[in-house]
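Here the structure comes first, spelled out in structure tokens, and everything after it is commentary.
The values are calculated or read from the model by the stated rules, or taken from the named source; none is laboratory data. Just so we're clear, the structure is a prediction, and the values are computed from it rather than from any experiment. All Cβ positions, glycine included, derive from the backbone under ideal geometry; neighbour counts span all protein chains shown. Please note that ligands, DNA and RNA were not included when accessible areas were found on the heavy atoms of the full protein model with its side chains. Shrake-Rupley method; radii C 1.70, N 1.55, O 1.52, S 1.80 Å.
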Amino acid sequence: MIPSGTTFMGIIGRDTDCERVSALLADHRIVTLVGPGGIGKTTLANEVGHRNGDGFGGGVLVSELSGADDEDDIRSVVARQLGFESLDAVRVKAAGTRMLVILDNCESAVAQAASVAETLVDGGTDIVVLATSRVPLQIVGERVVNVDSLSLPEVDEPQVIQEAAAAQLFLDRAGAAGATWGLTDETLLAIGQLVR
């Protein structure tokens, strides 16, 4: 399931990405979000899972792959994290009902993660895989979505800075951490430099 404690109040600067990924999941069995570490792939995958949860009667399940390093380990880790004894048990559970499996951080063992994804979607199951990775899985049927950085302010104007998604994310996270500064033109100019 989507990790407990995950809150969904919208995702800053990624609505278009959410819509694009959701459309791909409607037509394709394996979609991989690709981008550098820290760009927001996991957050985007979880948001897509949350927004599309009603379309997956079998649920939205998440497996975190960082730390697993060989195929047998990956297979057992994924099955266990999804709440099953084996990948075959996952496939049996999904028979006749759509299920979304998010495989997060596939870059730690790309070939093994690719094998798991292929196993999950093989043989007419109703499982759809949404993977996150720094590189594509390079498997048949995979659709790759490059996750870019959030929009940056193009000029040093307070209003432009405040409207840039990267600055909005900075302000959101700073506020959550307890920042109490006043939002002045000078502060916005500093934030523009920081997010750039």
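Being open to solvent by less than 10 Å² (accessible area, probe 1.4 Å) and without any contact (Cβ under 8 Å) to a residue 40 or more places away in the chain: is that true of Ala79 here? Spell out the reasoning first.
On the way: open to solvent by less than 10 Å² (accessible area, probe 1.4 Å): yes; without any contact (Cβ under 8 Å) to a residue 40 or more places away in the chain: yes.
Considered against the rule, which asks whether it is open to solvent by less than 10 Å² (accessible area, probe 1.4 Å) and without any contact (Cβ under 8 Å) to a residue 40 or more places away in the chain, Ala79 comes out as yes.
Any residue at all in the range 92-102 that's within 20 Å of Gly37 (Cα to Cα) and at pLDDT 90 or above? Let's see the steps before the verdict.
Going through the range 92-102, the residues within 20 Å of Gly37 (Cα to Cα) turn out to be 102.
Those still in the list that are at pLDDT 90 or above too: 102.
Among the residues of the range 92-102, at least one is within 20 Å of Gly37 (Cα to Cα) and at pLDDT 90 or above, which makes the answer yes.
Looking at the range 89-101, which of the residues that are in a helix (DSSP H, G or I) and either more than 16 Å from Val129 (Cβ to Cβ) or of a type in the set (Val, Ile, Thr) (or both) is most open to solvent (accessible area, probe 1.4 Å)?
Among those that are in a helix (DSSP H, G or I) and either more than 16 Å from Val129 (Cβ to Cβ) or of a type in the set (Val, Ile, Thr) (or both), it is Val92.
Which pairs turn up if I take residues in the range 152-181 that are of a type in the set (Val, Ile, Thr) and look for partners that are open to solvent by 60 Å² or more (accessible area, probe 1.4 Å) with beta carbon separation below 8 Å, at least 6 apart in sequence or on another chain?
What qualifies is Val160/Glu154; Ile161/Leu189.
Limited to the range 124-176, what total is found for residues that are surrounded by fewer than 18 Cβ atoms within 10 Å (Cβ to Cβ), among the small types (Gly, Ala, Ser) and within 30 Å of Lys93 (Cβ to Cβ)?
2
Being among the β-branched types (Val, Ile, Thr) and either over 30 Å from Glu118 (Cβ atoms) or at pLDDT below 85 (or both) is the filter here; which residues of the range 139-169 pass it?
Here is the first cut: in the range 139-169, the ones among the β-branched types (Val, Ile, Thr) are 139-140, 144-145, 147, 155, 160-161.
Passing the criteria: Val155, Val160, Ile161.
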